[in-house]
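The values are calculated or read from the model by the stated rules, or taken from the named source; none is laboratory data. Given the structure is predicted, the values throughout are model-derived calculations rather than measurements. Glycine also receives a Cβ, built like all others from the backbone with ideal geometry; neighbour counts cover every protein chain displayed. The accessibility values were calculated without ligands, DNA or RNA, using every heavy atom of the protein model including side chains. Shrake-Rupley method; radii C 1.70, N 1.55, O 1.52, S 1.80 Å.
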Amino acid sequence: MGASGSTPDAVRERIRDIFRQLDRPSTPITVAGVVTELDCTRRTARHHLRELTDLGELQSTEIHDGTRVWWQSGDRRGTDQSERRENDRRQRRKPNTTDREERERELERTERRFEAIFEDPNILVGLLEPDGTVVDVNGTAMEYVDTDLADVTGEPFWETPWWDEGDGAQSAVREWTERAAAGEYVEFEVDLTRLDGLQYTLDGVVRPVTNDDGDVVSLIVSSRDVTARKQHEHELEALERRYRTLVDNFPNGVVALVDEDLTYQTVGGSFPYTDTTTESLEGQSVATAVPSELAGELVPRYEAALDGESDAFEIELDGGFYQFHIVPVRDDDGDVFAALSMSQDSTERREYERRLEESERRYRTLAENFPNGSVTLFDDELVYTLVAGQGFADLSVDPATAEGRHVRKVWDDDTADELEPAFRGALAGEDRSVEFAYEDREWVAHVVPITDDQGNVVAGMAMIQDITDRKERERELTEYETIVETVNDGIYVKDRAGRFTMVNDAYASLTGYDREDLIGEHASLVVDEDAIEQSEAMRDAMSDGIETNPTMEAAIRTADGDTVPTEGTLSTLETGDGERKQVGVVRDITDRKERQQRLEESNERLEQFAYAASHDLQEPLRMVSSYLQLIEQRYADELDEDGREFIEFAVDGADRMRTMIEGLLEYARVDTRGESFEPVEVDAVLAAVRDDLQVKIDERDAEITATSLPRVEADSEQLRQVFQNLLDNAIEYSGDEPPRVSIDAERDGEEWLLSVRDEGIGIDPSDADRVFEVFQRLHTPDDHDGSGIGLALCKRIIDRHGGDIWIESEPGEGTIFYFTLPAPTDS
């Protein structure tokens, strides 16, 4: 701060400058105004403003909002004497030599400096001869005596009216004067009495004035009336005595008074959080006198208290707890001049409160966390004394308001009619249970008596639980039993040992046994050992979370020795006692097996037909193509241009027919000639396809990019056909610009979604499904090459893999082919 390094006199002088610069001395100014001008703390500004007020230089009052203001009175005391001295100087001025004029000017400057002091309305000033004779006294001093200046001029200073014999001061004043005449600078403080009987105190000095030779030529006496300050000091002493009485008798703690410099002035009581005694703390800074952890809490709160704010906090020191209260201390004018802190050891209180809270918390927690219900206590008048529990969370009954009320004031009439007889039965010494419905929930109340040490019933306790879910499960179980007995599928439950614990009528009918004959029997009665081992492996996989609801096929041996093909879906069921049982839902798939066999036979015949047809069709096509080429070679000279063109058309048609037949044969063999699925690196497949198409890629200046592609579960050769057809298609239909193709992939649950994107001519959305049909072309052979079977082949391959394939396209906007493939099971 700007004024932090200044001396007190310098700060007071700067405050006087602030008032001198005002348009009117009586203009009021606040502490904030002084802080802004001097860049000092509020405490420093307030302190020096009060000093100037005590010296009589300023006046102060508190305005309506509690703010205190200061102003200068504008007193003109001493002005007449100043004018008289100015006239004397003018009369002494006479033309003379240059040295004389210079001495007179120097004398004039000295007189003016003296006059600046002499006219100060806050200082009592007197000019004496070395022998103590009064030469002059300023107006401020004259106001303290009932006499004129002429009456004291020429008189010994110690015999003037300021020093009454009754005060015993005359001899002291004479001593001060003689010492000053001997060249000593004499300071003094003296208590005096006015003629009206009022006492006052002067604080001043007697200064010797010497000439160039060092001889004392005059004496100057200057003093200030410090009565207000002394009174303030006396009040502080009295206040300190009162506080000292308080601190000396402060129980179980410490009380401390801190001044504006954050220095301990008074400390009393026991001081357990430092090795320093309370007496030795007085006069020390708070910041260094106590442990740093405590100082960090106290210093800002003391500063706030000196600004008028109270505060409290609790702190842990050396394993103990201490409660502190800090308040401002004000004088009669309401100004804060100190801060008072009171601290007490709260360790025992906190421990007692902790034990009490812990005990109450245990019992209250027991009641409030009563699972799925509530706990209530009631007296012999059926008035609740405790109501708590989780069951009230979703009810309109408020536990807090229910306590202290009669049971019929808490519940509706229907509920009270159910509870009251049970409550009265408990008061009669009986245990009762009653079920009732309330607010769309179902409840059970277990009511018991509470007895004293002599066995007398003094109250009752009701433990109420929500049984809605249990009731709902019971109803659902009844419904499930009905469903189990009415469905066409066979249902069974086996224990860990593989023995049937439940079967429905459909399962019994499927096996040919009665239900009673199956219960307790091992599953090997109806299935072979392989089926049992597969079932147990699936049960273990379900327990480990590897599989959920797996499906298996097994042949059931019936009671009459026949076998029935079945498909079963398995799951596990955990009973209330923690036992895990296996549940199976079994369906007779005889019809499906027969259809599957017929389909397989049909596909085999279809493949044989397709192979035979393609072989039988290709042979005449090769013959037609060969003879046409032979005609072209032998009779080229005899054919005109039209004839040669006709032969070319016929050869081209035969070649396209052969390509279509080969494609059709490949299409028919997708399911029957495919390899088994295995993890395949798509990046490797794409690299092979790019090698196959490299000539076409170079011819069309095609650019094919791909992100890092995954491993999929697939037939690698068929996947290669998919990519070859899609890339060839993208290059073929790229339009006039060089083909730009990108391949991407992203994981979608148990599948990978792959995409092939081009920037070609696009497809009308209405044709999006037609392009996957056999021999469906959107363009003529003259416009684009192709057999019309490539995309159909892609769809058939993707279908075989259990995936989907589709396109997104707009004419002129390019095309995106999407298809899904299963992710490897090990990923």
Query raised in the report: Considering the stretch 640-655 alone, what residues qualify as being out of contact with any Asp or Glu (no Cβ under 9 Å at 6 or more places or on another chain) and open to solvent by 60 Å² or more (accessible area, probe 1.4 Å)?
Result: Asp640, Glu641, Asp642, Glu645, Phe646, Phe649, Asp652
Report task. State all residues of the stretch 230-250 that are surrounded by fewer than 17 Cβ atoms within 10 Å (Cβ to Cβ) and at pLDDT below 70; if no residue qualifies, say none. Result -> Glu240, Arg244, Leu246, Asp248, Asn249
Report task. Would you confirm whether any residue within the stretch 701-713 is in the same structural domain as Glu604 (by the TED database), at negative phi and acidic (Asp, Glu)? Result -> no
Query raised in the report: Between a first residue in the stretch 456-473 that is under 26 Å from Asp440 (Cα atoms) and in contact (Cβ under 8 Å) with a residue 40 or more places away in the chain and a second residue that is assigned to a strand (DSSP E or B) and β-branched (Val, Ile, Thr), which pairs have beta carbons less than 6 Å apart while being 6 or more apart in sequence or on different chains?
Result: Met461/Val448; Met461/Ile450; Ala462/Thr376; Ala462/Val447; Met463/Val375; Gln465/Val444
Report summary line: Those residues of the stretch 407-419 that are crowded, with 16+ Cβ neighbours inside 10 Å and either of a type in the set (D, E, K, R) or touching a Leu at 6+ places or on another chain (Cβ under 7 Å) (or both) come to a total of 3
Query raised in the report: So, of the residues in the stretch 372-404 that are among the charged types (D, E, K, R) and in contact with a strand residue (DSSP E or B) (Cβ under 6 Å, 6 or more places away or on another chain), which turns out to be surrounded by the most Cβ atoms within 10 Å (Cβ to Cβ)?
Result: Glu403
Report task. Considering only the stretch 122-212, give the strands (runs of 3 or more DSSP E) lying wholly within it that have at least 3 residues that are touching a Gly at 6+ places or on another chain (Cβ under 6 Å) and at pLDDT 85 or above. Result -> none
Report summary line: Among (1) modelled with pLDDT of 75 or more; (2) crowded, with 17+ Cβ neighbours inside 10 Å; (3) over 13 Å from Asp335 (Cα atoms), Gly33 falls short only on (2)
Report task. Could you please tell me which pairs satisfy a Cβ distance under 6 Å, a separation of 6+ or placement on different chains, a first residue in the stretch 122-146 that is open to solvent by less than 20 Å² (accessible area, probe 1.4 Å), and a second residue that is of a type in the set (Lys, Arg) and assigned to a loop (DSSP other than H, G, I, E, B)? Result -> Gly139/Arg77; Thr140/Arg77
Query - Within the stretch 514-554, considering residues that are surrounded by 14 or more Cβ atoms within 10 Å (Cβ to Cβ), in a helix (DSSP H, G or I) and charged (D, E, K, R), the one modelled with the highest pLDDT - result: Asp517
Query raised in the report: Any chance the stretch 675-684 includes a residue that's in a helix (DSSP H, G or I), open to solvent by less than 90 Å² (accessible area, probe 1.4 Å) and in contact with a strand residue (DSSP E or B) (Cβ under 7 Å, 6 or more places away or on another chain)?
Result: yes
Requested in this report: Determine which member of the set Thr227, Thr210 is of a type in the set (Val, Ile, Thr) and exposed (fewer than 15 other Cβ atoms within 10 Å of the Cβ).
Outcome: Thr210
Query raised in the report: Looking at the stretch 443-475, which of its residues are touching a His at 6+ places or on another chain (Cβ under 9 Å) and open to solvent by less than 30 Å² (accessible area, probe 1.4 Å)?
Result: Ala462, Ile464
